[in-house]
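Written out below as structure tokens is the structure these notes cover.
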Amino acid sequence: MASSWFFLILQYLDLPPEIAANKQLCYVRVELYHVQYTLLGGLGQVELKAMRAVNYDDEFSIGITAASSTVGPIIPPSIPFVIYAAYSGVSAGAMFMAGFLPGLTISFILCVATYFIAKRRNYPRDPKQTPKQVWKSFTGSFLALLMPVIIIGGIWSGWFTATEAALVSIIYALGISTLVYRDVKFRDLPKLLLVCAGKIIPVMMIIVGASLFSWILNYEKLDRLILNSMLAFTDNKYVVILIICVFVTIMGMFFDGIVATLLLIPILIPLSQVYGLHMIHLGVVICMGNMIGLLTPPVGMSLYMLATVTKYPLGFIIRAVAPWLIPLFIAWLIIALFEPLTMFLPNLLRLGAGF
């Protein structure tokens with residue numbers, strides 16, 4: 001069910017050989033996976049196997065698979081965005097709209113990096129897909145591709161809330177998985193429910209702990225202490241954004257993305273109000289930083305997932321991923337420092353009012 005609009009476009013267009021050779025590497029991954037390390041453990045295995053079959057070296061394959069996994073949770077629908085919206089009080093629909101252009105920006109920069117690497121290493125290219133093949137691929141994945149449209153369209157139009165959208169997406173995905181694609185059997189449902197419960201319970205415990213942390217911050221007035229220290233240091237909001245990026249990067253090295261997000265929100269709310277930083281923009285910046293954090297040692301969960309999937313030692317995985325952190329950091333800084341990139345669509349759809 002994992003599908004991508006840009007994968008279809010790249011198959012259809014008559015692209016230079018270097019990009020055609022890497023179409024399965026560069027496409028914007030608008031999947032139905034929205035947690036980065038889950039994505040690597042699922043679709044990542046399929047991609048790595050396909051790249052090995054056409055003789056891409058493992059170091060390159062692992063690196064681009066890890067780097068491109070940051071796009072799925074940024075382009076909606078996105079679990080990190082829903083959690084951020086629920087805890088910060090901003091609109092989930094606005095967060096979804098804010099993720100589109102940043103996601104495309106990340107993908108474009110990764111495409112450029114892949115282009116030059118493919119050209120230098122003279123990787124083989126796949127034959128151009130015919131319109132008939134593209135149409136067959138599109139029709140085969142059409143129902144899966146409708147899922148983000150239903151979720152985002154439903155929230156934006158007011159048919160249901162972000163919380164209700166979760167139930168709608170579950171029912172829709174279950175319906176087409178069991179009745180149309182037949183990827184899931186009804187006898188598998190009890191096992192799937194247990195797996196879901198195992199993933200939800202830790203998140204709920206994290207939310208409880210983050211709520212306690214927020215109360216302690218407020219009681220001890222630590223948020224005001226941090227704010228006053230920042231005001232004494234600088235009154236430039238761009239400097240503050242860069243400081244936030246550094247702080248998020250450091251936290252991402254040691255904490256899971258959801259934990260880092262929930263811990264940062266009570267600190268950033270007063271900062272956003274004083275410095276005129278939009279909470280929706282900050283949400284995208286934080287979530288993007290957390291996705292990069294999952295690729296950085298010592299506690300990068302995505303690195304351990306890749307090591308498990310590929311059977312390579314962790315040191316090899318870190319060496320393979322490290323060069324791809326450069327284009328990711330470049331994309332992140334562009335997104336962080338250029339607020340209209342995130343706020344254009346929410347403002348256009350009148351979803352971005354307020355802080």
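The values are calculated or read from the model by the stated rules, or taken from the named source; none is laboratory data. These numbers were taken from a predicted model, which means no experiment stands behind them. Heads up, the Cβs are rebuilt from the backbone with ideal geometry, glycines too, and the neighbour counts pull from every protein chain shown.
Results, tabulated for the structure shown:
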{"item": "Number of the condition not met by Tyr219 [criteria: (1) surrounded by 18 or more Cβ atoms within 10 Å (Cβ to Cβ); (2) at pLDDT below 80; (3) not basic (Lys, Arg)]", "result": "(1)"}
{"item": "Flag for Asp188 being at pLDDT 75 or above and among the acidic types (Asp, Glu)", "result": "yes"}
{"item": "Candidate set from segment 153-182 (those that are assigned to a helix (DSSP H, G or I) and of a type in the set (Ser, Thr, Tyr)); member that is nearest to Ala98 (Cα to Cα)", "result": "Ser157"}
{"item": "Answer from Gly153, Gly158 - the residue that is surrounded by fewer than 16 Cβ atoms within 10 Å (Cβ to Cβ) and closer than 30 Å to Ala331 by Cβ", "result": "Gly153"}
{"item": "Pick from segment 118-141, criterion of a type in the set (S, T, N, Q) and in a loop (DSSP other than H, G, I, E, B), ranking: surrounded by the most Cβ atoms within 10 Å (Cβ to Cβ)", "result": "Gln129"}
{"item": "Failed condition for Ile269, given (1) buried (at least 16 other Cβ atoms within 10 Å of the Cβ); (2) farther than 28 Å from Glu339 by Cα; (3) among the β-branched types (Val, Ile, Thr)", "result": "(2)"}
{"item": "Residue identified as modelled with pLDDT of 80 or more, in contact with a Leu (Cβ under 7 Å, 6 or more places away or on another chain), small (Gly, Ala, Ser) and surrounded by 17 or more Cβ atoms within 10 Å (Cβ to Cβ) among Ala85, Ala98, Ala113", "result": "Ala98"}
{"item": "Test: residue in segment 277-292 that is under 24 Å from Pro77 (Cβ atoms) and at pLDDT below 80", "result": "no"}
{"item": "Residue satisfying condition, being in contact with a helix residue (DSSP H, G or I) (Cβ under 9 Å, 6 or more places away or on another chain), closer than 30 Å to Leu231 by Cβ and surrounded by fewer than 18 Cβ atoms within 10 Å (Cβ to Cβ), within set Phe344, Phe316", "result": "Phe344"}
{"item": "Residues being under 27 Å from the mean Cα position of the chain (by Cα) and either free of Cβ contacts under 8 Å to residues at least 40 places away in the same chain or in a helix (DSSP H, G or I) (or both) - total across segment 183-197", "result": "9"}
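Conditions (1) closer than 24 Å to Ser302 by Cα; (2) aromatic (Phe, Trp, Tyr), marked per residue:
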site	(1), (2)
Thr70	yes, no
Ala86	no, no
Phe96	yes, yes
Ile106	yes, no
Lys119	no, no
Lys128	no, no
Ile150	no, no
